[in-house]
1. Any idea what the dipole of the chain comes to, in debye rounded to 20, about its Cα centre with Lys/Arg Cβ at +1 and Asp/Glu Cβ at -1?
2. Taking Cα pairs under 8 Å and at least six residues apart, what relative contact order does the stretch 13-134 come out at, in percent?
3. Within the chain, which is the longest segment containing none of the GluC sites (Glu not before Pro) that sit in a DSSP loop and have at most 14 other Cβ atoms within 10 Å?
4. Starting from the amide H of Trp36, placed 1.01 Å from N in the peptide plane, find each other amide H under 5 Å away whose residue is 5 or more places distant or on another chain.
5. Taking trypsin sites (Lys or Arg not before Pro) that fall in a DSSP loop and have at most 12 other Cβ atoms within 10 Å as cut points, what is the longest piece of the chain between them?
6. Going by alpha carbons, how many degrees (0 to 90, nearest 10) lie between the helix axis of 57-74 and the longest principal axis of the chain?
7. Could you pull out every residue, at least 5 positions away or on a different chain, whose amide H is within less than 5 Å of the one on Gln42? Hs are placed 1.01 Å off N in the peptide plane, and Pro or chain starts have none.
Amino acid sequence: MDKKETSAPSWPQVIATPQAPPAIGPYSQALRVGPWLYCSGQLPLHPQEGALVGADLASQTEQALRNLQSVVEAAGGHLAQVVKTTCFLKDLSQFAAFNRVYAQFFPAPAPARSAVEVQELPKGALVEIEAIAYLG
């Protein structure tokens, strides 16, 4: 009986970039599986210093999205390829400020999105944003 040699698939591919904050736990910045990119939540942290950037939701949203953009670009994509985001906000009463910044990064057609209010985020952040992109 002939045995076929099988090898493990070459995916998922770990995506890591120094242009975004390193993982602060046992997870990857992103994983690419075929044409799909699954990005972990990005906090508004300075990529090299690890400190929070900004004291208000608008400035923190901008930094979180810049970090997300860096991860997507490290995988060879761009934000226009993001098909879904999940946004965690500490205070939904500030949703308008969040949306103003978000719209600058995701013009129409914007990705599908969920936004939820959470009691607390790592490092005392006001926002965290994760995404799925199709890089096919």
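1. Values: 9 positive and 11 negative charges, 60 e Å.
That gives the chain a dipole magnitude of about 280 debye.
2. Numbers: 247 pairs, mean separation 38.8, N = 122.
It rounds to 32 percent for the stretch 13-134.
3. Values: sites that count: Glu5, Glu49, Glu120.
For GluC sites (Glu not before Pro) (loop position, at most 14 other Cβ atoms within 10 Å), the longest site-free span of the chain is 50-119.
4. Amide H neighbours of Trp36, under 5 Å, 5+ apart: Leu135.
5. On the way: sites that count: Lys3, Lys4.
No qualifying site falls inside 5-136, the longest such stretch.
6. The angle comes out at about 20 degrees.
7. The list, which skips near neighbours in sequence, is Ile129, Glu130.
Throughout, read-outs are computed from the coordinates displayed, never taken from laboratory work. Worth saying up front: this structure is predicted, and the values here are computed from it rather than measured. For neighbour counting, all protein chains shown are included, and Cβ atoms are generated from backbone atoms with ideal geometry for every residue, glycine included.
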